[in-house]
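**Student:** The structure is given below, and queries will be raised subsequently.
The values are calculated or read from the model by the stated rules, or taken from the named source; none is laboratory data. What you are looking at is a predicted structure, and each value in this text was computed from that prediction instead of being measured. Cβ: placed from backbone, ideal geometry, glycine included. Neighbour counts: every protein chain shown. With ligands, DNA and RNA removed, areas are computed over all heavy atoms of the protein, side chains included. Shrake-Rupley method; radii C 1.70, N 1.55, O 1.52, S 1.80 Å.
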Amino acid sequence: MSFANLKPPAQSWELSAAEASFGFTLHEDVTTLLHLNNGTLSYTEAQNAAQASFFFPGNSRLVPISESLAKSVRLRKILTGMDSQMVGRWWHPCWVPIAVSSSTDALFVDHRPGKTYGTVGTFLHDGFVIMRNMTLRELLEHMAAISDGRIVFDRYPALEDSQLRWRITY
């Protein structure tokens, strides 16, 4: 991951259109991040999955709002064919993907009203969801302090061949 892989800021109209499609206002942390950079290059654009994917722990890349919405729509469609008990356990319509990995895992921000509003979660393609006890802002602040050796989501940062990598701690 490098600065060159970051896309330009999202336009206000893109965020407004996404909010209309999601059916709710995006959390301030999400809009703030997307106003800075509307994702990173896709695997195809970067011509190298490793260069595109190591922005977040779990080797996930920040996605543009259009890709976030498309992933949410796909997951919502799958969810409609599942038992109603899977809502909030497998996926929830109020979760907004902000990053994806090549294995289809996703980092999301919870937009359900209540105590989990604004918190980060991890959707794992094999059916697991891990709710993290932090907001997107707290996650980014934690990631910014990685030079002090902090571990983020059981991962530690490593610089290899001038690229950021997230290595598992065990």
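**Student:** Considering only residues of the stretch 90-127 that are among the aliphatic types (A, V, I, L, M) and without any contact (Cβ under 8 Å) to a residue 60 or more places away in the chain, which is farthest from L33 (Cα to Cα)?
**Tutor:** L124
**Student:** Need a quick list: helices (runs of 4 or more DSSP H) entirely within the stretch 6-91 having at least 2 residues that are under 14 Å from H111 (Cβ atoms).
**Tutor:** Passing ranges, in order: 12-22, 28-36, 65-80.
**Student:** Is it fair to say R155 is over 23 Å from A10 (Cβ atoms), at pLDDT below 90 and touching a helix residue (DSSP H, G or I) at 6+ places or on another chain (Cβ under 9 Å)?
**Tutor:** Spelling it out, it is not the case that R155 is over 23 Å from A10 (Cβ atoms), at pLDDT below 90 and touching a helix residue (DSSP H, G or I) at 6+ places or on another chain (Cβ under 9 Å).
**Student:** Out of all the residues in the stretch 83-93, which are open to solvent by 60 Å² or more (accessible area, probe 1.4 Å) and either of a type in the set (G, A, S) or touching a Pro at 6+ places or on another chain (Cβ under 7 Å) (or both)?
**Tutor:** The answer is S84, and nothing else.
**Student:** Of the residues R137, R76, R61, which is under 22 Å from E14 (Cα atoms) and touching a Phe, Trp or Tyr at 6+ places or on another chain (Cβ under 6 Å)?
**Tutor:** That would be R61, the only listed residue that is under 22 Å from E14 (Cα atoms) and touching a Phe, Trp or Tyr at 6+ places or on another chain (Cβ under 6 Å).
**Student:** Given S72, S68, S42, S16, which one is open to solvent by 40 Å² or more (accessible area, probe 1.4 Å) and small (G, A, S)?
**Tutor:** S16
**Student:** Name the single residue that is most open to solvent (accessible area, probe 1.4 Å) among those in the stretch 94-143 being part of a loop (DSSP other than H, G, I, E, B) and among the small types (G, A, S).
**Tutor:** Result: S102.
**Student:** Moving to a separate point now. In the list T104, T25, T31, which residue meets the criterion of being within 15 Å of the chain's Cα centre (by Cα) and over 23 Å from H125 (Cα atoms)?
**Tutor:** That would be T31, the only listed residue that is within 15 Å of the chain's Cα centre (by Cα) and over 23 Å from H125 (Cα atoms).
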